[in-house]
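The values are calculated or read from the model by the stated rules, or taken from the named source; none is laboratory data. Quick caveat: nothing in here was measured; it's all calculated off a predicted structure. Neighbour counts are summed over all protein chains in view; Cβ atoms, including those assigned to glycine, are modelled from backbone coordinates with ideal geometry. For the accessible areas, the whole protein counts, side chains as well, though only heavy atoms, and no ligand, DNA or RNA atoms are used. Shrake-Rupley method; radii C 1.70, N 1.55, O 1.52, S 1.80 Å.
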Amino acid sequence: MVQLVDSDIRTREVLGWKGVHVLHFAGSSCSQKLRIFLNLKNIPWVSHPIDLPGHENMKPWFLGINPRGLVPVLVDDGAVHIESNDIIQYFEKKFPAPKLIPAGHENEVAALLRHEDDLHLDLRTLSFRFVFAPPGPPKPAAALDSYIKNGAGTVQGVKDPEKEVQIEFWQRAAKEGFTDERARDSAKRFRAEFDKLDQALAKQPFWFIYEHRLSLAGYPFARLHSHVHAWAERLRARPEFAKEVGQLRHSPEQLDAVRSAQAGKTLETVAGF
Ligand SMILES: N[C@@H](CCC(=O)N[C@@H](CS)C(=O)NCC(=O)O)C(=O)O
């Protein structure tokens, strides 16, 4: 459970928010995952969109709520919770019906979610390379500077090492972009995971978001992991899922333009799949 403590929170107005408030972005994978969960649970919530492409998450107001500068964030009756997977597990306890984490499997699911989160920067790498492909550095120097300077820099009262990880990620991206080598390494890590999942596909809808985004990036699921592909297609047809992943940063036309700007290279060719 990652609930922030008073000294982490500088944007004090949120302490007075009543009910369930979620700060999120339409096209963010972690936000999509949480919104699907909220849809399946029928939990009413107040929406606070945060403009990630406009770098709103790197401005003082948002960093005053989540010093990590990431979405989604839950404010539940003034209590601030970060980390999408912790929020999901928090809601599962608070609103037990309908049950989405099978009884007796809480620890197993928590471990799977941690493992999923470990691959988040790989998903981000492949998203920025093959889906978003911004023309310049993904985070301009001024936005990054604001990110570095603002917010408490602590989570649960302790200096937050995750912020350093984020800063390094964006600085490296500004310096070298999302190279073939990096994309290949990330794609290979996913291939190992989806190979395992293809063989032992249990009821683990958490992988759906990654499958969906990587499909957009051109990952050949139908060819490499046919069971994962068929399973994701079934979920994509359900309204609770379709509604959340239909919203993209780019239109299909822009996505085509991103693909054609890759000079014939695709995720498949870059990764050697
Ligand atoms: N471990 C975090 C990861 C959150 C995360 O990285 N969120 C992304 C969006 S999916 C974000 O806020 N990125 C900031 C940015 O793009 O500037 C969680 O599960 O909540």
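Being outside any strand (DSSP E or B) and either within 12 Å of the ligand (Cβ to nearest atom) or open to solvent by 20 Å² or more (accessible area, probe 1.4 Å) (or both) is true for just one of Pro96, Pro67. Which residue is that? Reasoning before the result, please.
Working: Pro67 fails: either within 12 Å of the ligand (Cβ to nearest atom) or open to solvent by 20 Å² or more (accessible area, probe 1.4 Å) (or both).
None of the others qualify; the one that does is Pro96.
Determine whether His227 is touching a Phe, Trp or Tyr at 6+ places or on another chain (Cβ under 8 Å) and modelled with pLDDT under 90. Lay out the reasoning, then the answer.
Details: touching a Phe, Trp or Tyr at 6+ places or on another chain (Cβ under 8 Å): no; modelled with pLDDT under 90: yes.
So His227 does not fit the description; no.
Residues in the stretch 27-43: is at least one touching a strand residue (DSSP E or B) at 6+ places or on another chain (Cβ under 6 Å), modelled with pLDDT of 95 or more and open to solvent by 20 Å² or more (accessible area, probe 1.4 Å)?
No.
Residues to consider are Val109, Val14, Val22, Val2; find the one that is under 21 Å from Asn150 (Cβ atoms) and open to solvent by less than 20 Å² (accessible area, probe 1.4 Å).
Val14
Within the group Ala110, Ala187, which residue is in contact with a helix residue (DSSP H, G or I) (Cβ under 8 Å, 6 or more places away or on another chain) and either among the aromatic types (Phe, Trp, Tyr) or closer than 22 Å to Ser215 by Cα (or both)?
Numbers: Ala110 fails: either among the aromatic types (Phe, Trp, Tyr) or closer than 22 Å to Ser215 by Cα (or both).
Ala187 is the lone residue from the list that is in contact with a helix residue (DSSP H, G or I) (Cβ under 8 Å, 6 or more places away or on another chain) and either among the aromatic types (Phe, Trp, Tyr) or closer than 22 Å to Ser215 by Cα (or both).
Condition first: of a type in the set (A, V, I, L, M), surrounded by 15 or more Cβ atoms within 10 Å (Cβ to Cβ) and closer than 20 Å to Gly177 by Cα. Now tell me which residues in the stretch 232-271 satisfy that. Talk me through it step by step, then tell me what you get.
In the first step, residues of the stretch 232-271 are kept if they are of a type in the set (A, V, I, L, M); the result is 232, 235, 237, 242, 245, 248, 255, 257-258, 261, 263, 267, 270-271.
Checking which are surrounded by 15 or more Cβ atoms within 10 Å (Cβ to Cβ) leaves us with 232, 235, 245, 248, 255, 258, 267, 270-271.
Scanning the stretch 232-271 gives Leu255, Val258, Leu267, Val270, Ala271.
Would you tally the residues in the stretch 17-39 being of a type outside the set (A, V, I, L, M, F, W, C) and more than 10 Å from the ligand (Cβ to nearest atom)? First the steps, then the outcome.
Our first condition is that a residue be of a type outside the set (A, V, I, L, M, F, W, C); within the stretch 17-39, this holds for 18-19, 21, 24, 27-29, 31-33, 35, 39.
With the extra rule that they be more than 10 Å from the ligand (Cβ to nearest atom), the set shrinks to 18-19, 21, 35, 39.
The total comes to 5.
Give me the pairs, please: first residue somewhere in the stretch 114-128 and open to solvent by 10 Å² or more (accessible area, probe 1.4 Å) and assigned to a helix (DSSP H, G or I), second residue anywhere and within 8 Å of the ligand (Cβ to nearest atom) and small (Gly, Ala, Ser), beta-carbon distance under 9 Å, and either six or more positions apart or on two chains.
Asp117/Ser84; His120/Ser29; Arg124/Ser29
Considering only the stretch 70-93, state which residues are more than 11 Å from the ligand (Cβ to nearest atom) and closer than 20 Å to Glu116 by Cβ. Write out each step before concluding.
Of the residues in the stretch 70-93, the ones more than 11 Å from the ligand (Cβ to nearest atom) are 75-80, 89-93.
Passing the criteria: Gln89, Tyr90, Phe91, Glu92, Lys93.
Looking only at the stretch 154-175, how many residues end up being open to solvent by less than 20 Å² (accessible area, probe 1.4 Å) and either part of a helix (DSSP H, G or I) or on the phi > 0 side of the Ramachandran plot (or both)?
6
Only one of these conditions is not met by Glu56: (1) within 25 Å of Glu211 (Cβ to Cβ); (2) open to solvent by 30 Å² or more (accessible area, probe 1.4 Å). Which number is it?
In the conditions (1) within 25 Å of Glu211 (Cβ to Cβ); (2) open to solvent by 30 Å² or more (accessible area, probe 1.4 Å), Glu56 misses (1) alone.
Specify which of the listed residues (Phe194, Phe178, Phe190, Phe206) is closer than 19 Å to Leu52 by Cβ and open to solvent by less than 30 Å² (accessible area, probe 1.4 Å). Walk me through it before giving the result.
Values: Phe194 fails: closer than 19 Å to Leu52 by Cβ; Phe190 fails: closer than 19 Å to Leu52 by Cβ; Phe206 fails: closer than 19 Å to Leu52 by Cβ.
None of the other options fit; the residue is Phe178.
Please count how many residues of the stretch 35-64 are under 27 Å from Leu144 (Cβ atoms), touching a residue at least 24 places away in the same chain (Cβ under 8 Å), in a loop (DSSP other than H, G, I, E, B) and out of contact with any Phe, Trp or Tyr (no Cβ under 9 Å at 6 or more places or on another chain).
Residues meeting the conditions: 1.
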